[in-house]
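Have a look at this one before I ask anything.
The values are calculated or read from the model by the stated rules, or taken from the named source; none is laboratory data. Since the model is a prediction, treat every value here as computed from it, not as a measurement. Glycine gets a Cβ as well: all are built from the backbone with ideal geometry, and neighbour counts include every protein chain shown.
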Amino acid sequence: MSAEPAMKDVLISVRGITKEFRRGKQTVYALRDIDLDIYDGEYLSIMGPSGSGKSTLFNMVGALDRPTAGAVVVGGVSLETLHSSELAYFRGRHPLDQGRACGTHPKPRRDQYRSR
Ligand SMILES: Nc1ncnc2c1ncn2[C@@H]1O[C@H](COP(=O)(O)OP(=O)(O)OP(=O)(O)O)[C@@H](O)[C@H]1O
Ligand SMILES: [Mg+2]
């Protein structure tokens, strides 16, 4: 039996993200053109070999780092629109840290992440 999530709201939307790191003259692509949707209430695992970019992806979704290109939207908030102080505020209220991804809390609103 499949554990189909209630496909109502997309909580996290990743579109075309790329993350490059420069190592001397070399460019390392930790992520290249990644799309991912995570739905409210969904439970999932992300698996891949060492170096495939899992931690880098979580850093982008968790607002710890910014992608070189592409868009990350969490709870309706476009992370690229937040300044670094707003990102820090956002991290303290991240829906994945507060059980909201399990559908047990109200959906976050964009204005909750604005610094005051
Ligand atoms: N700060 C960094 N500077 C340079 N390259 C980096 C940096 N962070 C990650 N990378 C490179 O990006 C790629 C993806 O790394 P990442 O740590 O996201 O992989 P991972 O899937 O989490 O691996 P693991 O399973 O070992 O934790 C690797 O080639 C890694 O060497
Ligand atoms: Mg890792």
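If the Cβ limit is 7 Å and pairs must be 6+ apart or interchain, which residue in the stretch 35-58 that is among the basic types (Lys, Arg) pairs with which residue that is more than 6 Å from ligand 1 (Cβ to nearest atom) and part of a loop (DSSP other than H, G, I, E, B)?
Short answer, once both residue conditions are applied: 54/46.
Related question: Could you list, in sequence order, the residues of the stretch 25-53 that are surrounded by 14 or more Cβ atoms within 10 Å (Cβ to Cβ) and either of a type in the set (Val, Ile, Thr) or modelled with pLDDT under 95 (or both)?
34, 38, 39, 40, 41, 42
Restricting attention to the stretch 60-81, does a residue exist that is under 16 Å from residue 96 (Cα atoms), out of contact with any helix residue (DSSP H, G or I) (no Cβ under 9 Å at 6 or more places or on another chain) and at pLDDT 95 or above?
The answer is no, given that none of the residues of the stretch 60-81 is under 16 Å from residue 96 (Cα atoms), out of contact with any helix residue (DSSP H, G or I) (no Cβ under 9 Å at 6 or more places or on another chain) and at pLDDT 95 or above.
Please go through the stretch 40-57 and pick out each residue that is within 11 Å of residue 12 (Cβ to Cβ) and touching a helix residue (DSSP H, G or I) at 6+ places or on another chain (Cβ under 9 Å).
40, 42
If you check residue 77 against the conditions, is it in contact with an Asp or Glu (Cβ under 7 Å, 6 or more places away or on another chain), under 23 Å from residue 92 (Cα atoms) and away from ligand 1 (no atom under 12 Å from the Cβ)?
Against the criterion (in contact with an Asp or Glu (Cβ under 7 Å, 6 or more places away or on another chain), under 23 Å from residue 92 (Cα atoms) and away from ligand 1 (no atom under 12 Å from the Cβ)), residue 77 does not qualify.
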